[in-house]
1. Considering only the range 206-217, I want to know if a residue exists there that is in a helix (DSSP H, G or I), more than 24 Å from HIS38 (Cα to Cα) and β-branched (Val, Ile, Thr).
2. Is one or more of the residues making up the range 197-207 assigned by TED's automatic domain parsing to the domain that holds PHE8, touching a Pro at 6+ places or on another chain (Cβ under 7 Å) and aliphatic (A, V, I, L, M)?
3. Please enumerate the residues belonging to the range 59-92 that are among the aromatic types (Phe, Trp, Tyr) and without any contact (Cβ under 8 Å) to a residue 24 or more places away in the chain.
4. Suppose we filter the range 63-87 for residues that are among the charged types (D, E, K, R), under 30 Å from VAL216 (Cβ atoms) and either in a loop (DSSP other than H, G, I, E, B) or out of contact with any strand residue (DSSP E or B) (no Cβ under 6 Å at 6 or more places or on another chain) (or both); how many remain?
5. Specify the residue that is farthest from the chain's Cα centre (by Cα); the eligible residues are those in the range 34-62 that are in a helix (DSSP H, G or I) and buried (at least 21 other Cβ atoms within 10 Å of the Cβ).
6. State all residues of the range 288-304 that are small (Gly, Ala, Ser) and either outside the structural domain of ASN362 (by TED's automatic domain parsing) or in contact (Cβ under 8 Å) with a residue 24 or more places away in the chain (or both); if no residue qualifies, say none.
7. Scan the range 39-88 residue by residue and report those that are in contact with a Gly (Cβ under 8 Å, 6 or more places away or on another chain) and farther than 30 Å from THR268 by Cα.
Amino acid sequence: MGSKTPLFNKHHEAGARIVDFGGWDMPLHYGSQKEEHHAVRRYAGVFDVSHMTIVDLSGERATEFLQYLVANDVAKLKEYGKALYTCMLNTDGGVIDDLIIYFMSDTDYRLIVNAATRDKDLAWIRNQAGPYYVAVAERAELAMVAVQGPNARELAAPCIGAEYRKAALALKPFNGLRAGDMFVARTGYTGEDGWEICMPAAEAPVVWDRLLAAGVAPCGLGARDTLRLEAAMNLYGTDMDETISPLEAGLNWTVAWEPENRDFIGRTALAALRNSAGVQRFVGLLLEDRGVLRNQQKVIVEGVGEGVITSGGYSPTIGKSIALARVPSGDYDRAVVDVRGKLLNVRVVKTPFVRNGQIRINLWEKHDE
């Protein structure tokens, strides 16, 4: 038996298929993963993300500490509620975790880190925070849901106190605000608009019921994975880990090299890799033959070298198989993938595959014979 979120009974009552995810008993789907996927792309769906770890930092040197802890530039955060996506690296430049940081004040920040990395993240953060006298508080008493889709914010608005509703609806992407005992942020992991809402655990079942009564579809981990794959959003432990740098995981944009005198953990190792000719590319693949692309399948680029699929699967929106892959450096747009001994043609494409319900890639480009 794994850990259970405050919404576990709701999932059980709804007949969800429960699976272990990072030590948590979580819903995989409620009957049809494909229907849940389409609900988010076309209307609205809600995910229980209470297994994610919420950490509040406070202290006079909190900003200075985060400037050292993560690869992105926390000094970019100057307005209350503004969010920043970044990676927390080890000294070798590998990714300990990817996370979102919210600016609450010059001395207070909120971090959202992954569930499966909770223990090592908390240990690392606390160890690094010591010299800066920054308090690290896990907020295990909070629950969180992600309401995603083109109609998500409109349908979820009645769950927020009337005095905060207008401000919440006016939030720009990657911004959040306190709404009474809730924290509402216009963020997500699906490539669609929506909110992620933190609240006291006791309130989560009531909010969940209100969302479902409003027509929001309950969604599980299966749809969450196909949605994030279409949006080309990395999954920790699959697309990157402590042996992979953000430069080879498509996360170059999360590394702030300026100012030059900012010393963040892993900077020296990243700088050496940055100037290396052998840095691998992180790309999207579209399967042009019949079959399904899966994690860990070999990618072969004729005359160049080999790579590997880090995340692969069927795209319900596109109707074809897609993947994220780490491949050799070079200028090419074709490759083959070894699928159980059969070489299938793939096209290297620019990601994301889908964003805001729209297919972003050309599906009909043909290979020149």
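The values are calculated or read from the model by the stated rules, or taken from the named source; none is laboratory data. This one's a predicted model, so the numbers in the text were calculated from it and none came from an experiment. When we count neighbours, we look across all protein chains shown, and the Cβ atoms used for this are built from the backbone with ideal geometry, even at glycine.
1. So far as the range 206-217 goes, yes, one or more of its residues are in a helix (DSSP H, G or I), more than 24 Å from HIS38 (Cα to Cα) and β-branched (Val, Ile, Thr).
2. The initial filter retains those residues of the range 197-207 that are assigned by TED's automatic domain parsing to the domain that holds PHE8, namely 197-207.
Subset that is touching a Pro at 6+ places or on another chain (Cβ under 7 Å): 201, 204-205.
Still in the list and also aliphatic (A, V, I, L, M): 201, 204.
So far as the range 197-207 goes, yes, one or more of its residues are assigned by TED's automatic domain parsing to the domain that holds PHE8, touching a Pro at 6+ places or on another chain (Cβ under 7 Å) and aliphatic (A, V, I, L, M).
3. Residues of the range 59-92 that are among the aromatic types (Phe, Trp, Tyr), as a first pass: 65, 68, 80, 85.
Passing the criteria: none in range.
4. Number satisfying all stated conditions: 1.
5. ALA62
6. Listed by number, the list holds a single entry, GLY291.
7. Result: ALA39, VAL40, ARG41, ARG42, TYR43, ALA44, GLY45, PHE47, HIS51, GLY81.
Conditions tested, residue by residue: (1) modelled with pLDDT of 95 or more; (2) loosely packed, with under 15 Cβ neighbours inside 10 Å; (3) in contact with a strand residue (DSSP E or B) (Cβ under 7 Å, 6 or more places away or on another chain); (4) assigned to a loop (DSSP other than H, G, I, E, B).
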{"position": "THR243", "(1), (2), (3), (4)": "yes, yes, no, yes"}
{"position": "LEU247", "(1), (2), (3), (4)": "yes, no, no, no"}
{"position": "ALA256", "(1), (2), (3), (4)": "yes, no, no, yes"}
{"position": "ILE265", "(1), (2), (3), (4)": "yes, no, yes, yes"}
{"position": "THR268", "(1), (2), (3), (4)": "yes, yes, no, no"}
{"position": "ALA271", "(1), (2), (3), (4)": "yes, yes, no, no"}
{"position": "ALA277", "(1), (2), (3), (4)": "no, yes, no, yes"}
{"position": "LEU285", "(1), (2), (3), (4)": "yes, no, yes, no"}
{"position": "ARG294", "(1), (2), (3), (4)": "yes, no, yes, yes"}
